[in-house]
1. Sorted from fewest to most neighbouring beta carbons within 10 Å, what does the list D208, D168 look like?
2. Using each residue's phi in region 213-220, evaluate 6.51 cos²θ - 1.76 cosθ + 1.60 at θ = phi - 60° and report the 3J(HN,Hα) Karplus result to the nearest Hz, with x for Gly and Pro.
3. Using only Cα atoms and rounding to the nearest 10 degrees, what angle (0 to 90) does helix 61-84 make with the longest principal axis of the chain?
4. For region 252-296, run through the trypsin sites (Lys or Arg not before Pro) and keep only the ones in DSSP coil with at most 10 other Cβ atoms within 10 Å of their Cβ.
5. Where the only charges are on Cβ atoms (+1 Lys, Arg; -1 Asp, Glu), what is the dipole of the chain about its Cα centre, to the nearest 20 debye?
6. Give the long-range amide H neighbours of S300: residues separated by 5 or more places, or on another chain, with amide H under 5 Å away, using H modelled in the peptide plane at 1.01 Å from N.
7. Relative to the first principal axis of the alpha-carbon coordinates of the chain, what is the inclination of helix 148-176, with its axis defined by its Cα atoms, in degrees from 0 to 90 and to the nearest 10?
8. Return the long-range amide H neighbours of L331 (sequence gap of 5 or more, or a different chain), with a cut-off of under 5 Å between placed amide H atoms.
Amino acid sequence: MKPLLAFLAILSLVPLGAAQPPGRKAPLTSETIIRAQDALRMLGFELTMLETETLPSLTNPALRDDLRAHVRRVQIAVSDLQESMLPGGKSFLVYKRYSEMDHTLHELIESIDGSPFRTLALAQSAKRFNFLDTHLGGLFSAGGEGPAELLSVVLRRQAGALENAADDLYDLARNVLPADHNGLHAREAIRKYRVSAGVFRDRIDLDDGVPALRKSYSYPDQSWQRVAFDLNNLPPVQLNRLGAAAQRVDHLHNQILDTLKIEGGGYLIKERDDKVRDVLAQMQGTWFMNSYHNNGKLMSGANPNSKMVFAGNRWFRYENGKVGGGTLRVLESGAGTAKLELVASAGNATPVLVHIEGNLMRYAHFLTRPAFPGTFQPNPGDGMLSITWRRE
């Protein structure tokens, strides 16, 4: 398991306050409850580690006693929040308990950060607490369905964390990427992304509302896709040096997408197998339809309104304003041709044959049977969908 520290960012310390936010009309979903309970268990573990491992080593007794009292208050608040998060429970009570826990947790964080006797171990604990609390806030405010004041605070924290993570990635890229074509290209893409992340954080302060923020976030989203495309094509030894910093940005990017309820996901490939990773790296990006055959008949030429996006291990299909998507698995690969399994969000899987030459991709699958085609060449009555895509 990767250390949690790999994903941490310094977040804005903006407590929610003790005000009781209004509840949702509908109960929290089971998925939200499960994910939040997981985060709370991790928070409980971090509090225990702080109490049993870090605090006893402090040489200042006043700081040690003050922080121990803070930890116990947070532990009680976490326990109260966990008890309120039962399936079918009252949403307003969950938000109330989260607000109380958040306020108490940030009192602990501020005590740590404000102490002149703060140690490195304490500072790292504060970062981990911020990360987990921001993650919880994102779960409760996803899609703008939670209380307005919660959404506003969560977005500010997430945007601040994203900007800091982008700064860290850029500083690291300047030090580790070589001054060759690919290295300079990736470095410049990261610099532009860093600017777009800062602009988005400023937009939040204008309080334009969720619809405007969704539109504003399209710019850092596209910019991060460009960065991930370049990073996914770096040699593994270079990518590994940027891995933790890049994964942190990708994770925070995912959080903001969830909070704003934007379709999409992370863009970094997490595949460890080199052959599979090579295929996925070649596929990354946005592909526009070049030609389209159905059952051996030419149905369309180039169509800029029909496109396919491969982002990390995910795929998205856009056509005439409709969006579909899911995940993909590479089953076989060799000589530019690969056998994929596209798994839709509904769960059905489609065997697809692809062949990539630079920015041209051939793509074929049968319309009615779960088997891989033996060719990309369309023939009348072949029962096959065959598309050529061009990446721009």
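Coordinate-derived values only; no laboratory data. Note that the structure is predicted; figures quoted are calculated from it, not measured. A quick note on method: Cβ atoms are made from the backbone with ideal geometry, for glycine too, and the neighbour counts reach across all protein chains shown.
1. Values: D208 12, D168 18.
The order, fewest Cβ neighbours first, is D208, D168.
2. Karplus-based 3J(HN,Hα) across region 213-220 equals 5, 4, 5, 5, 6, 4, 6, x Hz.
3. Tilt of helix 61-84: around 50 degrees.
4. Numbers: sites: K261, K270, R272, K275, R277; in loops: K261, K270, R272.
Hits after loop and neighbour filter: R272.
5. Values: 45 positive and 42 negative charges, 171 e Å.
Rounded to the nearest 20 debye, it is 820 debye.
6. When sequence neighbours closer than 5 places are left aside, the close amide H contacts are Y292.
7. 70 degrees
8. Excluding prolines and chain starts, which carry no amide H, the hits are K339, L340, E341.
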